[in-house]
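So the structure is just underneath, and the comments pick up after that.
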C-alpha cells in the first residue's frame, strides 16, 4: 500500500512555544527542584544510588511541579518547604513512569534507556515502590497534613486509572466515557493535585481554588490526548519514546475509539484481527503501522481527537479568567498552548 | 549421591503450639480484621475486585496485626479505629508479598496460586502499588498522624531491605552483618512497627515502649531466619510455598553464609559454580537440591542458624519481662515460640 499520509497537526503559525520562556517566572525555583531531586538521589543508600540517578535526577519537562510553582508564585506564597513539595510531586510522577515502563516493556524514555532496560524489571519494580512510599513519607513531614493526603489520593487515582486501562486492553468496545474516566484518573489527577496543593497552601478562596483545579484537570486531559496522538505520529528522535507502543500494548486511545465508530463492520473486523494478536506482538510486517494509521485516519479520527484536545485546552484557559493579569497567569495560559502543541 | 540427610529441628517435645490458642484473647478482633479486609476488597472498583479477593481477603497467619492487637489488648486500649489499623498493617504486608512474588516469579503462596500466577505481572504490579498507597492513604485518615508516619517509614524500610537483598543476589561474600541489616529492614521493620503503633496509641511509657519495639524487631529476625530454613527443609504441602526458591533466586541466606565460612576453597568454588548459573535457573539435575543441602549441612550451618534463631527468640522474650502476667503477655511469649517452631 502506498497511499500518502498527511497527519493533522495543531496550528503552528504562531512562533513555537518554549518551556523555558513559559517557566521564566519560576526559573530559579525549578532549578532548585532539579537540585533537590539530584540531592535525594545522591543521598540514597548505595544500592539505590545508580537507579535514582538514572531516573529521578534526570527530570523531564517538570510540568507538574511547574504548575504548582506558577500558582504559588501567582499568590505570592512562599515557604521553605515549597521546593521540596514541588520535587515530591515530580518524584511521584517518576515512580509512576518507572512502573509504566515495566508494564509496557519500554526501552526508551526521554531519549535514554529506561530503568527497566538498564536495571531490569525486579530492580525497577522495587525502586518505583521506594519512590512512591518515600514521597508520601516525605509529604508527611510537612506541617500541613493536607499535603500528604492530596498526594496519596492522587497517587491512588493514578494507579486505579492504570489498572482500569490495563483491564480494558484490546477491548474495542471501550466507550469514550470510559476512556475519559481512565485518563482523568491516570493522568489528569496529578495535574489537578498540583494545582490543588498550590491553592491549599496559599489559602486561596474556594471559588478560585475550584477553577484552578478544573484548569489542572483539563490540562491533564489535553496532555494525555496529545500523548495518544504523539504515540501514533510522533518521531522517536523528538519524543524520546518508542513509537506505537499504545498499539503494541493494545491500549485503546481516543483516536482509535473515534475511528472504530466510523468504520463499516468489515473494516472493524479486520483491525480487531490485527489488534487481537498476542500481547506485545504487533503483526508487522503483516500490516505496517503506516497502513494502520491510514485506516485510523479514514474517518478523520486523528483530526477529531486533536479538535477535542483543543476544546479542552480552551476550557482549561477559561478557568484562568478570574486570575488577575500577571506573568504567572500569562505563563499558565501559555502552558496550555504548549501542552496542546508539544511535539515531545 | 545417596547420603542420608537428617535436618536439625527445634525441640518438639512440647505439644505443638497453635495460633488459634495463642490468639484466643484477640479472637473476636482478628475476625473483625479479616472481615475488614474482605469488605475493602469487596468495595474495590470492578477492575480490582477479583485480584483483591485473591490476595488481601485471603489473609495468612495475621501475625503482624495479631502483635498489634495483643499489645493494645494488654494495655486495655480500645478505639473504633483499632480494627482498621490492624487491617492496614496486614494490607501493607500483602502489598509487599504481591510484589515479592513477581520478583521471584512465585506461583504458589499459602497453598494457592499467587496473584502473579493468576493475574499476570502487570496487574499484580499495579495492584501491589494500589495496596501500598491506599494503605498509607487510609492511615492518613486516622486522627493520630503518627500512625501514617510509622507505617510509611516501615514500608520504606521493607522496600529498602528488598532492594539491598536483590543487589546482593549471588554474592557469596555477603557478611552476616550485612545479612542481618537486610532482614532487619525487609522483615523485622513491620513487626517492630506493629508493636510501636500499639504502644504509641496506648500511650505506653517510653521504657516499656522501647522494650516492646525490641521484642518485635527480634521476633521479626527469628521469623526471617526460620523462613530461610523452611525454604530449604520445609515441605511445600506444609508451607504452601515452592521449596528452594531462595536458592533459585540466588538469595544469600544465613545457613548459606554460615556454610560458606566452613568450606574449604575447593568446595566453595564448586558451590559458587552452581549458584552463578543464570538467574532463576537452578542447575538441577546437574546437582540435586538434596546434594546441595548436604553440602550446606557439612559444617552444621542449618543447626547453627537455628541456634541463632533460638537465641534471638530468647532475647525477644526477655523484653516481655517488664510486662505484668496476663493472658496477653502469655500470648506474646507463646507467639515467640510459635514463630520459632512453625513449620509453615
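Just from its helices, what would the mean residue ellipticity at 222 nm be for chain B, if runs of 4 or more DSSP H residues each count -39500 (n - 2.57) and the sum is divided by every residue, rounded to the nearest 500 deg cm²/dmol?
-21500 deg cm²/dmol
Estimate the FRET efficiency between residue A:178 and residue B:77 by the formula 1/(1 + (r/R0)^6), using the beta-carbon distance for r and 60 Å for R0, to the nearest 0.05.
E(calc), rounded to 0.05, equals 0.85.
Any idea what the relative contact order of chain A is, in percent, if you count C-alpha pairs under 8 Å spaced at least 6 apart?
21
Taking the Cβ-Cβ separation of residue B:318 and residue A:113 as r and a Förster radius of 41 Å, what is the calculated FRET efficiency to the nearest 0.05?
Result of the calculation: an efficiency of 0.20.
Simple spin-label model, 7 Å along Cα-to-Cβ: residue B:307 to residue A:266 in nm?
Those two pseudo-labels are separated by 8.3 nm.
So for the stretch B:173-246, averaging the separation of alpha carbon pairs under 8 Å that are six or more residues apart and normalising by length, what relative contact order in percent results?
Normalised by residue count, the contact order of the stretch B:173-246 is 31 percent.
Could you work out, residue by residue across B:118-128, how many beta carbons of other chains sit within 10 Å of that residue's beta carbon, and then give the average as an integer?
5
Scaled to the compact-protein estimate 2.2 N^0.38 Å, what is the alpha-carbon radius of gyration of the stretch B:187-228, rounded to two decimal places?
That works out to 1.18 for the stretch B:187-228.
Averaged over peptide B:321-328, how many Cβ atoms belonging to another chain are found within 10 Å of each residue's Cβ?
0
For the stretch A:100-216, divide the Cα radius of gyration by the Kirkwood radius and give the resulting Rg/Rh value with two decimals.
A ratio of 1.03.
How would you classify the protein assembly as shown from its alpha-carbon gyration tensor, with a ≥ b ≥ c the square roots of the eigenvalues: rounded for a/c under 1.5, else prolate if a/b is greater than b/c, otherwise oblate?
Prolate.
Would you kindly work out, in nm and rounded to one decimal, the distances from the label point of residue A:274 to those of the same position in each other copy, ordered shortest first, with label points 7 Å along Cα-to-Cβ?
Residue A:274 label point versus its equivalents elsewhere: 5.3 nm.
For residue B:49, which inter-copy label distances result when the label point lies 7 Å beyond Cα on the Cα-to-Cβ vector, reported in nm to one decimal and in ascending order?
5.0
What ranking do A:35, B:58, A:109 get, fewest neighbouring Cβ atoms within 10 angstrom at the top?
Least crowded to most crowded, the residues run A:35, B:58, A:109.
In nm, to one decimal, how far is the residue A:207 label point from the residue A:143 one, both placed 7 Å along Cα→Cβ?
2.9
Between helix A:301-318 and chain A, what is the angle of the helix's C-alpha long axis to the longest principal axis, kept within 0 to 90° and rounded to the nearest 10?
Computed tilt is about 20 degrees.
Measure nothing fancy, just the Cα-based angle from helix A:115-139's long axis to the longest principal axis of chain A, in degrees from 0 to 90, nearest 10.
Tilt relative to chain A: about 40 degrees.
When Cβ neighbours within 10 Å are restricted to other protein chains, what is their mean count per residue of peptide B:145-152?
4
Considering only A:28, A:88, A:308, give the residue with the highest GNM mean-square fluctuation for chain A, with springs between Cα atoms whenever their separation is below 10 Å.
A:28
Kirkwood hydrodynamic radius, computed over distinct alpha-carbon pairs, for chain A: how many Å, to one decimal?
About 20.8 Å, per the Kirkwood formula over Cα pairs.
Could you rank the peptides B:114-124, B:71-81, B:93-103 by their average count of other C-beta atoms within 10 Å per residue, with the highest value first?
Packing order, densest peptide first, comes out as B:93-103, B:114-124, B:71-81.
Using alpha carbons only, how many degrees (0 to 90, rounded to 10) separate the axis of helix B:146-167 from the longest principal axis of chain B?
The angle comes out near 10 degrees.
Between copies, how far apart are the residue A:60 label points? List them in nm, one decimal, shortest first, with each point 7 Å from Cα toward Cβ, please?
3.5
None of the figures in this text is laboratory data; all of them are computed from the coordinates on show. None of the values given here were measured: they were computed from a predicted structure. Ideal geometry is used to build each Cβ from the backbone, glycine not excepted, and the neighbour counts take in all protein chains shown.
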